[in-house]
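Just so you know, all these numbers are worked out from the coordinates, no wet-lab data involved. Predicted model only: the values in this text are computed from it and were never measured. Here the Cβ is made from the backbone with ideal geometry for all residues, glycine too, and neighbour counts use every protein chain on show.
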Amino acid sequence: MTKNKQLVAFLAACALATTGCGTQQTTAAAQQQAPPPTNVSVVQVVQKDVPIYGDWVATLDGYVNAVIQPQVSGYLIKQDYREGSFVHKGDVLFEIDPRPFQAVVDQAKGQLAQAKGQLAQSQAQLGLAEINVKRDTPLAAARAIAQSQLDNDVQTQKQYEASILTGKANIEAAQAALETAEINLGFTKVRSLIDGIAGIATTQMGNLVNQTTTLTTVSQVNSIKVYFPISEQEYMLLSKNVKSADLLKNNHTPLELTLANGQTYPHSGHIVFADRQVDTQTGTIRIVGAFDNPGNLLRPGQFGRIRAMTAMRHNALLIPQRAVTELQGRYQVAVVEAGNKVKIQNVAVGERVGENWLVSSGLSAGDTVITEGVSKVRDGAIVNPKPDTASGQPNQTTAQGQ
């Protein structure tokens, strides 16, 4: 009996020892299979003042576009300018056959000379009539001559006085006709109305032209206008600090122009005025700006992009766009908290500024967010954070518009 109890105790001890060894082996194996913390790149949320820029498609146009049309009808006989060249106000661009108009001038001169001759004749006759009246007046009073003779002298004098008035009126009419004829003769030389770039001629020599014919267009290009549509909200942002009735009259916001080749135009522009109303179909208002154009590099019809600051966000929070994950219209970031533990945080984002994003809620300045490895972590995971040394971090870049 005693031997049996000893056997049972020995077996129990062996079983206990076996169980303990198995547990230690299982724990060691589990420790060997646990994955190490995920390596991630992180940045801190930066807080600073950030300018917000708008970017719009712009169309260039001449500051003044003068459509050159003849003011008289006739046959075009000469083009006096080189197409695409700079012309000055008053330069002759085209010539119309002047011969018919010269003939009218010559005829008007002849009529004026004739009217002057008739007036001189009437004045001489009036002088003679006045002498007769002066001589016959005392004679008629002394009854040396008949009263009827004096009456005839007075009537003749009045007729010549009326003839002189008519002659003067004829001279004025002839003078006006001559001036009109000379003006029309001058119009046979079609001149530029402004200083600017003259365009391609739209008609050929020898064509019959009239007042409705467009010969060419001259555009004043220094300065040059730019037209660009902005939203009503952007318009109000641009006008926020201006108190005058014309909201953009005193706005000195500089404009930056990017040309079609991607280069930035070296001269900044300014806003000239805004259109009178918002387009109800597009919800935009047309803005007109102006740029200095030395060398006439910019030409009407060119396209570009206008960039201007619309607002300043004070104490704004910035994080890289690649730190933000969008899921069903919601935005999330992975925040690294104490103990390198990950917390998936919902955030509200605002404008995009270069490679960064403004965060309006959900984060605080100094929070650490994951920029690389976001897809590899989950809420509550332990990570191994390393500073993100990639370019374009909020504390390494200047705020830019989209």
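Figure legend: label point modelled 7 angstrom from the Cα of residue 78 along Cα→Cβ; residues of segment 189-212 with amide N under 11 Å from it are 189-190. Against the main long axis of the alpha-carbon atoms of the chain, helix 147-186 sits at an angle near 30°. Roughly what angle does helix 99-141 make with the longest principal axis of the chain, taking Cα atoms, 0 to 90 degrees, to the nearest 10? In the chain, helix 99-141 runs at an angle near 40 degrees to the longest axis. Around the amide H of residue 390, modelled in the peptide plane, lies no amide H under 5 Å away from a residue 5 or more places distant or on another chain.
Among 213, 310, 137, the largest mean-square fluctuation in a Gaussian network model of the chain, built with springs joining Cα atoms closer than 10 Å, belongs to 137.
Among the GluC sites (Glu not before Pro) found in segment 292-379, those both in a DSSP coil and sparsely packed, with 13 or fewer other Cβ atoms within 10 Å of their Cβ, are 337.
Between 271, 171, 52, which gets the highest mean-square fluctuation from a Gaussian network model of the chain, Cα cutoff 10 Å? Per the Cα network of the chain with a 10 Å cutoff, 171 tops the list. Taking 335, 133, 72 as the candidate residues, the one with maximal mean-square fluctuation in a Gaussian network model of the chain, Cα springs under 10 Å, is 133.
Relative contact order for segment 99-185: 54 percent, from Cα pairs under 8 Å spaced at least 6 residues apart, divided by residue count.
Compared with the direct C-alpha span, the chain from residue 55 to residue 109 gains 13.0 nm at full extension, assuming 0.36 nm per residue. Calculated on the alpha-carbon coordinates, the convex hull of segment 99-185 measures out at 59 cubic angstrom per residue.
Please give the contour-minus-distance gain from residue 99 to residue 258: 0.36 nm per residue of separation, less the Cα-Cα distance, rounded to one decimal in nm. Intermediate values should be presented prior to the final figure.
Working: separation 159, 0.36 × 159 = 57.24 nm, distance 5.21 nm.
Taking 0.36 nm per residue and subtracting the Cα distance, the gain is 52.0 nm.
Label-to-label distance for residue 281 and residue 175 is 5.7 nm, based on points extended 7 Å past Cα in the beta-carbon direction.
Between the entries (1) 203, 50, 33; (2) 77, 50, 40; (3) 61, 52, 47, the label attached to Cα extents along the principal axes in Å calculated for this structure is (1).
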